[in-house]
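Structure, as structure tokens:
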Amino acid sequence: MRELVYYVAVSLDGYIAAPDDTFDAFPQQGDHIDMILAEYTDTIPTMGLQMMGLEPPLTRFDTVVMGWNTYDVGRPHPSDGPYGHLRQYVFSRDHLGAGVEPAVTVTDRDPVETVRELKQDSGSAIWLAGGGVLASALVDEIDRLILKVNPILLGSGKKIFAERDYAVSRADLVATMPFASGVVVNEYTMVR
């Protein structure tokens, strides 16, 4: 069975985006970028891959799921969507038929049910790209968290997980990679 992996950049105070859903406050340069290009090539938007002459191996991820606000940040997208090299699913109740690219599936289906079906397919892992509301809805389906913790405080914005009913979920730290840029990549597996 495939894993659902929440791979996301986060500030020290737990935000994945500014209040306007942008994330340009996160460092775009530094020694952590080389690791992302080498190890997480599958998560680079298709346009960026083309500009850098990179080919995604699709060994880490072959599917991406995201909420509408995460998808909407980079619009307009190329004709094959932001991640044309991946199967792309966007969850939204309000934007069905909103003129998205044909390669992008916008659905108002239950995210848990959809992800459970995707996990049954063959292939590499499923990347949960954000945002916090979708991550909260899928919290019990997340198998692995990979957090790029950035050395910044945002003060407000979009939280890594939206508010939800109180319930303790435990994760085990399985790897950590500190970089001179101040970014620390922590990898956790969820304890069930």
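The values are calculated or read from the model by the stated rules, or taken from the named source; none is laboratory data. Everything numeric here is computed off the predicted structure, so don't read it as measured data. Heads up, the Cβs are rebuilt from the backbone with ideal geometry, glycines too, and the neighbour counts pull from every protein chain shown. What goes into the accessible areas is simple: the full protein's heavy atoms, side chains included, and nothing from ligands, DNA or RNA. Shrake-Rupley method; radii C 1.70, N 1.55, O 1.52, S 1.80 Å.
Here are the numbers:
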| quantity | calculated |
| --- | --- |
| Pairs, first of a type in the set (Asp, Glu) in the range 104-124, second open to solvent by 60 Å² or more (accessible area, probe 1.4 Å), C-beta under 8 Å, six or more apart | ASP108/ARG93; ASP108/LEU96 |
| Residue match in the range 105-119 (condition: open to solvent by less than 10 Å² (accessible area, probe 1.4 Å) and within 25 Å of ASP24 (Cα to Cα)) | no |
| Identity of the residue in the range 7-22, open to solvent by 40 Å² or more (accessible area, probe 1.4 Å) and farther than 18 Å from ASN186 by Cβ, that ends up modelled with the lowest pLDDT | THR22 |
| Qualifying positions in the range 109-131 - touching a Lys or Arg at 6+ places or on another chain (Cβ under 7 Å), closer than 12 Å to MET66 by Cα and modelled with pLDDT of 95 or more | ILE126 |
| Residues within the range 67-92 that are at pLDDT below 95 and in contact with an Asp or Glu (Cβ under 8 Å, 6 or more places away or on another chain), tallied | 11 |
| Count of residues meeting criterion [within 18 Å of TYR15 (Cα to Cα) and either over 16 Å from the mean Cα position of the chain (by Cα) or surrounded by 16 or more Cβ atoms within 10 Å (Cβ to Cβ) (or both)] in the range 140-176 | 19 |
| Cβ pairs under 8 Å, 6+ apart, first in the range 166-177 and touching a residue at least 24 places away in the same chain (Cβ under 8 Å), second of a type in the set (Ser, Thr, Tyr) | ALA171/TYR188; ALA171/THR189 |
